[in-house]
1. Would the range 86-96 turn up any residue that is aromatic (Phe, Trp, Tyr) and closer than 17 Å to Ala35 by Cβ?
2. Conditions first: (1) open to solvent by 40 Å² or more (accessible area, probe 1.4 Å); (2) without any contact (Cβ under 8 Å) to a residue 24 or more places away in the chain. Asn22 passes all but one, so which condition is the exception?
3. Read through the list (1) surrounded by 14 or more Cβ atoms within 10 Å (Cβ to Cβ); (2) outside any strand (DSSP E or B); (3) touching a Pro at 6+ places or on another chain (Cβ under 8 Å); (4) in contact (Cβ under 8 Å) with a residue 24 or more places away in the chain, then give the number of the only condition that Glu66 fails.
4. Mind checking which residues of the range 71-94 are polar (S, T, N, Q) and part of a helix (DSSP H, G or I)?
5. Considering only residues that are in contact (Cβ under 8 Å) with a residue 12 or more places away in the chain and charged (D, E, K, R), look in the range 75-103 and name the one that is farthest from Glu6 (Cα to Cα).
6. Of everything in the range 33-48, what is open to solvent by 90 Å² or more (accessible area, probe 1.4 Å) and in contact with a strand residue (DSSP E or B) (Cβ under 8 Å, 6 or more places away or on another chain)? Give them in sequence order.
7. Collect the residues in the range 77-104 that are of a type in the set (Asp, Glu), at pLDDT 95 or above and surrounded by fewer than 12 Cβ atoms within 10 Å (Cβ to Cβ), keeping them in residue-number order.
8. All but one of (1) exposed (fewer than 15 other Cβ atoms within 10 Å of the Cβ); (2) over 19 Å from Tyr2 (Cβ atoms); (3) at pLDDT below 95; (4) of a type outside the set (Phe, Trp, Tyr) hold for Gly56, so report the exception by its number.
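The values are calculated or read from the model by the stated rules, or taken from the named source; none is laboratory data. Please read these numbers as outputs of a predicted model, since none were measured by experiment. No Cβ is skipped: glycine too gets one built from the backbone with ideal geometry, and neighbour counts run over all protein chains shown. The area values use the complete protein model at the heavy-atom level, side chains included, leaving out ligands, DNA and RNA. Shrake-Rupley method; radii C 1.70, N 1.55, O 1.52, S 1.80 Å.
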Amino acid sequence: MYIKVEVYIPEDFVIKLANALNEKDFLKEGNYDYAFATTEVTGYWRPLEEASPYEGEIGVVSKQKEIKMEFRIKEEDMEEVKRTIKMIHPYETPMINYLKVIGD
């Protein structure tokens, strides 16, 4: 079973995250590595009183260009992938989606 991973991350961190994931063979597909895609998106958020935001101010709605990074992993690698992403990602609460993939 495969899991599709979607990570919303500042553009400056994409290569650093890709390198860390690829070093552990998480971005390997057959005879290829660094197998991932990116899409430019706009993220919106408002930090609450308890937050320690990477960007933005408490109580103020912010928006910023982000990158959605997508790749596929083996289900058994999910916990290690989570740890790797959280180690690199600058956000206090990163937006990460894990979706089961049906098929090859």
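1. First, pick out the residues of the range 86-96 that are aromatic (Phe, Trp, Tyr): 91.
With closer than 17 Å to Ala35 by Cβ added as a condition, the list becomes none.
Scanning the range 86-96, I find no residue that is aromatic (Phe, Trp, Tyr) and closer than 17 Å to Ala35 by Cβ, so the answer is no.
2. (1)
3. Unmet for Glu66, out of (1) surrounded by 14 or more Cβ atoms within 10 Å (Cβ to Cβ); (2) outside any strand (DSSP E or B); (3) touching a Pro at 6+ places or on another chain (Cβ under 8 Å); (4) in contact (Cβ under 8 Å) with a residue 24 or more places away in the chain: (2).
4. Thr84
5. Only one residue fits best here, namely Glu92.
6. Glu40, Tyr44, Arg46
7. Glu79
8. Status for Gly56: all satisfied but (1).
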